[in-house]
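Notes to accompany the following structure.
The values are calculated or read from the model by the stated rules, or taken from the named source; none is laboratory data. Fair warning: this is a prediction, and the values are worked out from it, not measured in the lab. No Cβ is skipped: glycine too gets one built from the backbone with ideal geometry, and neighbour counts run over all protein chains shown. The area values use the complete protein model at the heavy-atom level, side chains included, leaving out ligands, DNA and RNA. Shrake-Rupley method; radii C 1.70, N 1.55, O 1.52, S 1.80 Å.
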Amino acid sequence: MKLHFKLALAAGVLVAIAGCMAAKGGSGASGDAAQKVYVKPGEHDKYYAFLSGGHHGNVYVYGMPSCRHITTIPVFTPEPAVGYGVDEESKAMLGGYTWGDAHHPGLSETDGDYDGRWLFINDMPNARIARIDLSDFKTRQIFGPIPNLSAAHACPFPTPNTEYVFAASRFSVPVPNREVKIADYATTFRGIVAGVKVDPKDGTMSLGFEILMPPFDWDLADAGKGPSHGWEFFTCYNSEMAHDSLEVKASQNEMDYFAAVDWRAAQKAVDEGKATMINGAPVLDPAKVPGIVYLVPVPKSPHGVDVNPTGEYICCSGKLQAEVSVYSFAKFQKAVEAKAFEGDRFGVPVLKFADVLEAKVPVGLGPLHTQFDDKGNAYTSLFLDSQIAKWKVGPPWGVVDKIDVYYSIGHLMASEGDTRHPTGEYVVALDKLSKDRYLNVGPTHPEAAQLIDLRGPKMQLLYDFPTYLEPHYAQMIRAEKVKPFTVYPLEQNSKPFAIKRAEDARVERKGNRVDVYMLAVRTHFSPDNIVVHEGDDVYFHVTNLEQDDDIAHGFGISWSSCNMQIEPGETKTMHWKAGKPGINPFYCSNFCSALHQEMQGYIEIRPKGAPVASLQRPKPELTAAVAAEIGH
Ligand code: RUQ
Ligand code: CUA
């Protein structure tokens, strides 16, 4: 989110101050910093870091503390190099979209700690959530667009046992969506909070419930844990319900809110039939179903909401304020039990600020997000001050250290810093502006990330590393928790179009549809000569028979946008439409062996009506060569 623009308009004076701070530059790093990030060639990092790719729609994987970029996982955006969005399965998963805006990675959890099974991430504008399987670092499900909900920014923020991931409307719309006047915003538009169930066995997402919310801009979320397990918290801005010039009109109220959703009560209400079906989603109206959601006032256009590791405190950052407001979950519960409400908004009871507030921590200007360590400290990013403030969770609720970052920090990520057991080793500042930190590459600057050591009494800047557009949030997990396999076992390949024996390679033709059952193994495609008719719909089902690490084959077709990568033991299907009569080459696009360059073939395209065999097999010597390669 381009938060800095909004802040710039809403707090011009403060920005001027931040500008001065940012202008001072300097290295910031000191002493033994180099040694602390050095991971010897051949050795591995201690952490995986997953950085959202923002409007690049992907996830970047880094190793920490070396800050080496290891790979990029395509999620919402096609990646032609590997055929993501090109092969039939991933194309279907993208659902016709070629873009997403990915903000918040959410690692799956067991008992409130990362378990290394899945990574969820949101596509804000299209209200979708993807699940990446960490057993192979591949996107395996894209759920959505979630009905009735526009712009899933407060998303996915998994619960402590990954029971749910959530999505909430940043941009309210009419529910159900229909033609209305924008000017009728306050009466016709509504927000939605969606609870998306996660199957504990395989991670499959399905819609659990939706709650009709006031038409505010629902901004961020975090799951309760420990005593607050069972609740999900959502901040909002624009409780003024402005529908134009938000940068001015949405900053009028002293207080906006966080909403506390009792997701077990909401699911129960749906199971008891208390929901109305709207666009296929069970929607609960809090005016009719009490006890599922409450509002708590938060000063000054809050942004981040973060629950501390023990689950006792909910920390909200009022971005136009110099404080973090810390709320006590115990006080919240008491106030709910006493029904001490100061009114309601759209049927959602509002608790009293003073009843729930525990402390105000004077962190500095433009607080956005908070993370935690293992020693009872919190770390809050300060956008306007371009700093991170370290503060003690608990009396006297004071700041104990600050560090400059370069420049204009948004999120920050501490090592396992949003779990029940943060490791307290590192924090990464995800800075919105890099300005002068890197070689000039023209007007589009890279994003800037900075690794900071938390182990000493003072925070220490260790390293700068640029990233491609545009990480928002990130998470860091201890490497030993993630155990991806490197080869798909062939015997477990049950894809309907997989073939595993040399003699099964063939071309089958029915009407205009051609199915090519193809094998790839160093260094052949079999079959490698194929005859089709002009205009045929050709489906290449390519199985990579390799069972060795790092031997992926590519399959690219000249004069087309058809290319994919097939990993060891994998089968992928790609559609290609035969063009004008002639010869059309194909080849292996991924370097695989000394004879990689020889891994190629031809498609002969004959005119309509010319004879083409309905069953074609490779030459016996090719079948024999492949059989010799694979041992049967
Ligand atoms: S946001 S800079 Cu899109 Cu998570 Cu806070
Ligand atoms: Cu197979 Cu290159």
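Annotations
- Fraction of alpha-carbon pairs over 17 Å apart in segment 421-545 - percent: 73
- Accessible area (Å², per residue) of segment 362-480, counting only protein heavy atoms and a probe of 1.4 Å: 32
- Of all segments of the chain bounded by GluC sites (Glu not before Pro) found in a DSSP loop with no more than 13 other C-beta atoms within 10 Å, the longest spans 273-632.
- Based on Cα contacts under 8 Å between residues 6+ apart, the chain shows a relative contact order of 11 percent.
- Structural descriptor for segment 38-97: relative contact order 22 percent, calculated from alpha carbon pairs under 8 angstrom and at least 6 residues apart.
- The chain: radius of gyration over Cα atoms, expressed as a fraction of 2.2 N^0.38 Å: 1.06
- Remark: segment 310-350 projects, on average over all directions, an area of 4.0 nm² (convex hull of Cα atoms).
- Counting only the Cα atoms, segment 176-304 fills a convex hull of 132 Å³ per residue.
- Spherically averaged projected area in nm², based on the convex hull that wraps the Cα atoms of segment 366-436: 4.5
- Between segment 250-293 and segment 339-378, the C-alpha centres lie 20 angstrom from each other.
- Size estimate for segment 101-241 follows the Kirkwood approach: the inverse of mean 1/r over distinct Cα pairs works out to 15.1 Å.
- The equivalent ellipsoid that matches the C-alpha gyration tensor of segment 362-487 spans semi-axes of 24, 21, 11 angstrom, in descending order.
- Dipole of the chain, positive direction: furthest Cα of Phe497, Phe332, Met277, with charges on the beta-carbon: Met277
- Scaling the Cα radius of gyration of segment 39-141 by the globular reference 2.2 N^0.38 Å produces a ratio of 1.10.
- The gain in end-to-end length when the Glu534 to Gln547 segment is fully stretched comes to 1.1 nm, 0.36 nm per residue minus the alpha carbon separation.
- DSSP bridge pairs, the chain: antiparallel proportion in percent, nearest 5: 90
- Extension reserve of the Val400-Thr204 stretch, reckoned as 0.36 nm per residue once the Cα distance is removed: 66.2 nm
- Extents of segment 507-623, taken as max minus min of Cα coordinates on every principal axis and listed largest first, are 45, 30, 21 Å.
- Per DSSP, loop chymotrypsin sites (Phe, Trp or Tyr not before Pro) in segment 293-378 with at most 16 further Cβ within 10 Å: Phe346
- Under the shape rule built on the C-alpha gyration tensor, where the axes satisfy a ≥ b ≥ c, segment 444-487 is oblate, since a/c reaches at least 1.5 while a/b does not exceed b/c.
- The fraction of accessible area contributed by carbon and sulfur in segment 31-143 is 54 percent, rounded to a whole number (1.4 Å probe; ligands and nucleic acids excluded).
- Considering helices alone, the calculated mean residue ellipticity of the chain at 222 nm is -3000 deg cm²/dmol, with DSSP H runs of length four and up weighted by -39500 (n - 2.57) and normalised per residue.
- Its alpha carbons give segment 281-403 an Rg and a Dmax of 15.7, 49 Å.
- Using alpha-carbon coordinates, inclination of helix 620-630 to the longest axis of the chain, degrees: 40
- For segment 24-72, the list of chymotrypsin sites (Phe, Trp or Tyr not before Pro) that fall in a loop by DSSP and count at most 16 other C-beta atoms within 10 angstrom reads Tyr38.
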